[in-house]
Amino acid sequence: LKSNLLRTADAGDALDAVNRELCSQRYSGQFVTILVLLIDPATRTCEIVNAGHPYPLLSSDGKPLHAMINRSQLIAGIECDVDYESLVVKLPQQCSIVLLTDGVIECCNDAGDRYSVE
């Protein structure tokens with residue numbers, strides 16, 4: 001992913017290349033969830049492309065955390081011709097972004113109930 005991001009200015013195009021490489025491998029039934037999040041502090045923008053990963057969460061102005069985007073695309077390594085599209089989000093002046101993996105929200109509490117994003 002890193003080398004593809006150095007070759008293209010678009011995170012979606014970089015993920016397209018990663019996906020094609022993963023699809024060319026002969027691993028039966030294996031896939032990858034990937035979230036690419038590129039922050040430009042000068043313009044306060046964030047480019048996001050999501051391949052099946054939990055959404056990044058954003059909080060600003062004392063408001064509770066909420067999903068920055070609610071669009072996830074197909075996990076990587078399944079179909080080689082997926083066209084991953086990135087979204088650009090304008091960030092508030094002061095904000096916090098929380099990134100998490102599916103391993104966090106799939107853990108269970110003492111009662112055996114799975115956690116969720118909430």
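The values are calculated or read from the model by the stated rules, or taken from the named source; none is laboratory data. The structure displayed is predicted, hence computed values, not measured ones. Heads up, the Cβs are rebuilt from the backbone with ideal geometry, glycines too, and the neighbour counts pull from every protein chain shown. Keep in mind that these areas ignore ligands, DNA and RNA; they rest on the heavy atoms of the full protein, side chains included. Shrake-Rupley method; radii C 1.70, N 1.55, O 1.52, S 1.80 Å.
L6 fulfils the conditions (1) under 21 Å from I69 (Cα atoms); (2) out of contact with any strand residue (DSSP E or B) (no Cβ under 9 Å at 6 or more places or on another chain) except for a single criterion, (1).
One residue alone among N50, N19 is closer than 27 Å to Y115 by Cα and not aromatic (F, W, Y), and that residue is N50.
Among the residues examined, A67 qualifies as touching a Leu at 6+ places or on another chain (Cβ under 9 Å) and over 24 Å from K2 (Cα atoms).
How many residues, within the stretch 79-111, are open to solvent by less than 50 Å² (accessible area, probe 1.4 Å) and of a type in the set (G, A, S)? Count: 2. Residues in the stretch 1-21 that are more than 17 Å from the chain's Cα centre (by Cα) and not small (G, A, S) were compared, and the one that is farthest from L87 (Cα to Cα) is E21. Scanning the stretch 32-60 for residues that are without any contact (Cβ under 8 Å) to a residue 60 or more places away in the chain and surrounded by 15 or more Cβ atoms within 10 Å (Cβ to Cβ) yields a count of 15. Restricting the stretch 4-31 to residues that are open to solvent by less than 50 Å² (accessible area, probe 1.4 Å) and in contact with a Gly (Cβ under 8 Å, 6 or more places away or on another chain), the residue that is modelled with the lowest pLDDT is C23. When the stretch 67-108 is filtered for residues that are touching a Ser or Thr at 6+ places or on another chain (Cβ under 6 Å) and of a type in the set (G, A, S), only S96 remains.
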